[in-house]
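These notes concern the structure reproduced below.
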Ligand code: CIR
């Protein structure tokens with residue numbers, strides 16, 4: 001008999017009307033059409049629903065340009081949601097509404113000032129969490145996360161990265177024990193315990209892929225931006241079920257497919 005997994009909740013947020021004023025670190029500013037970004041985001045949300053996530057869609061935050069990137073506001077494990085203190089000052093107002101949404105699912109803890117941490121820097125693989133020491137995440141932030149999660153048996157390790165915004169720009173988990181990685185931005189050695197699939201050389205941002213766990217009847221699905229067909233083919237060649245979604249307008253704001261949602265298993269009390 002198939003093992004039913006607990007339903008996945010996906011917290012998302014509507015694209016802000018101020019999206020074009022987003023933070024940019026490694027990309028040059030290009031005109032962003034908020035209407036197109038909203039359409040692409042709606043298709044992303046529809047795909048999560050098709051993959052049987054229970055989507056909790058927060059209203060737009062008109063004064064917070066980057067607030068669609070909810071991933072950065074929290075790190076969620078089964079036992080706890082850690083509300084972050086984002087590295088960009090312009091993004092710190094994003095956490096209150098995400099905390100309110102997550103409080104319905106998990107006890108909350110917080111990263112305290114002056115430490116900073118962006119959720120995009122935290123990759124959880126089982127009970128091991130890798131935390132990018134990026135321009136957004138401080139050593140203090142990693143240490144606080146480690147102290148908050150240690151009582152639940154999670155180990156947190158800081159990882160240096162180079163040339164990209166967040167750890168999960170460079171590496172994400174696509175199946176149990178398998179990562180997609182761009183070795184130009186992150187050392188392979190730290191992930192030696194896992195099978196590594198390398199991005200296509202022409203698709204450096206393809207290392208940010210979103211794994212949506214199957215529900216016991218279905219296997220997992222890996223969501224990849226439509227702009228990266230060669231890497232999508234590589235993942236499919238490894239036997240993974242891949243879906244693509246066009247997020248080109250969102251990518252102009254230096255965001256990818258993991259950044260636009262927080263996925264968490266519904267708590268046992270929930271359907
Ligand atoms: C920022 O610079 O903060 C946003 N423009 C992009 C954040 C993308 N988030 C992520 O990769 N987790």
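The values are calculated or read from the model by the stated rules, or taken from the named source; none is laboratory data. None of these values were measured; they are calculated from a predicted model. Every residue, glycine as well, gets a Cβ built from its backbone with ideal geometry; the counts of neighbours run over all protein chains shown.
Quick notes
- Filtering the range 224-264 to residues that are within 12 Å of the chain's Cα centre (by Cα) and part of a loop (DSSP other than H, G, I, E, B) leaves 255, 256, 257, 258, 259, 260, 261.
- Failed item, numbered, when residue 23 is tested on (1) assigned to a loop (DSSP other than H, G, I, E, B); (2) touching a helix residue (DSSP H, G or I) at 6+ places or on another chain (Cβ under 8 Å); (3) within 17 Å of residue 267 (Cβ to Cβ): (3)
- Within the range 45-72, residues that are over 19 Å from residue 83 (Cα atoms) reach partners that are more than 15 Å from the ligand (Cβ to nearest atom) and part of a helix (DSSP H, G or I) with beta carbons closer than 7 Å, at six or more positions or on different chains, in the pairs 55/45; 55/48; 55/49.
- All of 111, 83, 32 fail the test of being crowded, with 17+ Cβ neighbours inside 10 Å and more than 19 Å from the chain's Cα centre (by Cα), apart from 32.
One line per residue, one yes/no per condition, for (1) farther than 26 Å from residue 224 by Cβ; (2) assigned to a helix (DSSP H, G or I); (3) at pLDDT below 95; (4) in contact with a strand residue (DSSP E or B) (Cβ under 9 Å, 6 or more places away or on another chain):
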residue: 96; (1), (2), (3), (4): yes, yes, no, yes
residue: 106; (1), (2), (3), (4): yes, no, no, yes
residue: 112; (1), (2), (3), (4): yes, no, no, yes
residue: 120; (1), (2), (3), (4): no, yes, no, yes
residue: 140; (1), (2), (3), (4): yes, yes, no, yes
residue: 146; (1), (2), (3), (4): yes, yes, no, yes
residue: 151; (1), (2), (3), (4): yes, yes, no, no
residue: 159; (1), (2), (3), (4): no, no, no, yes
residue: 168; (1), (2), (3), (4): no, yes, no, yes
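Condition check ((1) touching a strand residue (DSSP E or B) at 6+ places or on another chain (Cβ under 9 Å); (2) assigned to a helix (DSSP H, G or I)) across all residues:
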| position | (1), (2) |
| --- | --- |
| 56 | yes, no |
| 61 | yes, no |
| 65 | no, no |
| 71 | yes, yes |
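- Members of the range 196-223 that are without any contact (Cβ under 8 Å) to a residue 40 or more places away in the chain, in contact with a strand residue (DSSP E or B) (Cβ under 7 Å, 6 or more places away or on another chain) and either on the phi > 0 side of the Ramachandran plot or not in a helix (DSSP H, G or I) (or both): 196, 198, 199, 211, 219
- Test: residue in the range 76-83 that is within 16 Å of the ligand (Cβ to nearest atom) and either at pLDDT below 95 or part of a loop (DSSP other than H, G, I, E, B) (or both): no
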